[in-house]
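Taking it in order: structure first as structure tokens, then the write-up.
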Amino acid sequence: MQIARSIPEMKALRSKCVESVGFVPTMGYLHEGHIELVRVARRDNPVAVVSIFVNPTQFAPNEDYKAYPRDLDRDLSVLDKVKTGIVFIPDSDEMYAGGYNTWVDVQGITGKLEGKSRPTHFRGVTTICNKLFNIVQPDKAYFGQKDAQQALVIQKMVADLNMNLEVIVCPTIREKDGLAMSSRNTYLTDSERLSAPVLYRSLCMARDMFAKGERDAGIIRKAMADLISQEPAAKIDYVSIADMQTLDEVDTIKSKALVSLAVRLGKPRLIDNIVLG
Ligand code: PAF
């Protein structure tokens, strides 16, 4: 496994790759969800490149940029085991060199769901992904369905800017009790961790209601919110049933719909989703 710490190092390693390159951008503190993305990237391409960069521009000043969990040694050892070809570990000065002043902003869908609570988040994500794509020049880039809106925003950016890569979205990897894997799960206290599977339980309930023929999105949203509210620590940010492309809330589920939610359990804010139909 080769490690690049600077942009020229990464570009030099990339220029030696003659076959297709699969890319998994991450912020580190890797869990099984990330590792599965690397496995898929390795299966599809001779070379998998993983970036580890906690991107400051996607955190608002009141968010957890400084506290975001980091463990580079452990990440590198895990990546080595799954035969990652190249790991790119730039620092902030490398990615946002003095006077940095260029932003990539997907309009519309970024103002909904996560974008309502985190208005500057997606601009940071699209800007860093754009930069990483330019540096790594992947043939395919791999994202998790857990961050469904992020995946949609990246797909839109890639299509709108005619970028020469394919975005692959891989299924959410879950703990045994259904909690979607996330580096931020580490923030949960023991009692919050016990409450956390309520997110997935509410999604499963939505799936069951849909399977039994319920198509009224309002009824499903309310049932989900009622279930979550039974956990005293849970504070709902949103429960959404939205169109898969526009992310506009739907009244009636006609074909496919994205069911997603964000819930605070104490301090940590968890998100999850499933697709209906
Ligand atoms: O999903 C993440 O970990 C981040 O948003 C990403 C895509 C690596 C960009 O910093």
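Take the range 42-63 and flag every residue that is part of a loop (DSSP other than H, G, I, E, B), more than 16 Å from the chain's Cα centre (by Cα) and within 16 Å of the ligand (Cβ to nearest atom). Lay out the reasoning, then the answer.
Keep residues of the range 42-63 that are part of a loop (DSSP other than H, G, I, E, B), which gives 45-46, 53-55, 59-63.
Filter again for more than 16 Å from the chain's Cα centre (by Cα), leaving 45-46, 60-63.
The answer is ALA60, GLU63.
Only one of ILE236, ILE241, ILE219 is β-branched (Val, Ile, Thr) and surrounded by 17 or more Cβ atoms within 10 Å (Cβ to Cβ); which? Walk me through how you get there before you give the answer.
On the way: ILE236 fails: surrounded by 17 or more Cβ atoms within 10 Å (Cβ to Cβ); ILE219 fails: surrounded by 17 or more Cβ atoms within 10 Å (Cβ to Cβ).
When all the criteria are applied, what remains is ILE241.
Grab the helices (runs of 4 or more DSSP H) fully contained in the range 76-192, keeping just those with 2 or more residues being β-branched (Val, Ile, Thr). It would help to see each step written out before you state the result.
Values: elements: 92-95, 114-117, 121-136, 148-160.
Helices (runs of 4 or more DSSP H) meeting the threshold: 121-136, 148-160.
For THR26, state whether it is crowded, with 19+ Cβ neighbours inside 10 Å and within 13 Å of the ligand (Cβ to nearest atom). Don't jump to the end; show me each part of the working.
Numbers: crowded, with 19+ Cβ neighbours inside 10 Å: yes; within 13 Å of the ligand (Cβ to nearest atom): yes.
So THR26 passes the test.
So is VAL78 under 22 Å from VAL158 (Cα atoms) and either within 14 Å of the ligand (Cβ to nearest atom) or under 20 Å from the mean Cα position of the chain (by Cα) (or both) or not? Let's see the steps before the verdict.
Details: under 22 Å from VAL158 (Cα atoms): no; either within 14 Å of the ligand (Cβ to nearest atom) or under 20 Å from the mean Cα position of the chain (by Cα) (or both): yes.
Considered against the rule, which asks whether it is under 22 Å from VAL158 (Cα atoms) and either within 14 Å of the ligand (Cβ to nearest atom) or under 20 Å from the mean Cα position of the chain (by Cα) (or both), VAL78 comes out as no.
From (1) touching an Asp or Glu at 6+ places or on another chain (Cβ under 6 Å); (2) on the phi > 0 side of the Ramachandran plot, pick out the condition that doesn't hold for LEU30.
(2)
What pairs come up if the first residue lies in the range 26-53 and is over 24 Å from SER92 (Cα atoms), the second is within 9 Å of the ligand (Cβ to nearest atom) and of a type in the set (Gly, Ala, Ser), and their beta carbons are under 6 Å apart, counting only those six or more places apart or on different chains?
Taking only residues 6 or more apart or on different chains, the pairs are GLY33/GLY144.
Being buried (at least 19 other Cβ atoms within 10 Å of the Cβ) and either within 28 Å of PRO268 (Cα to Cα) or more than 10 Å from the ligand (Cβ to nearest atom) (or both) narrows it down to one residue among MET163, MET157; which is it?
Numbers: MET163 fails: buried (at least 19 other Cβ atoms within 10 Å of the Cβ).
Only one candidate qualifies: MET157.
All of the numbers you see were taken from the coordinates with simple rules; none came from a lab. Not measured: the values here are computed from a predicted model. Every residue, glycine among them, receives a Cβ derived from its backbone with ideal geometry; neighbour counts consider all protein chains shown.
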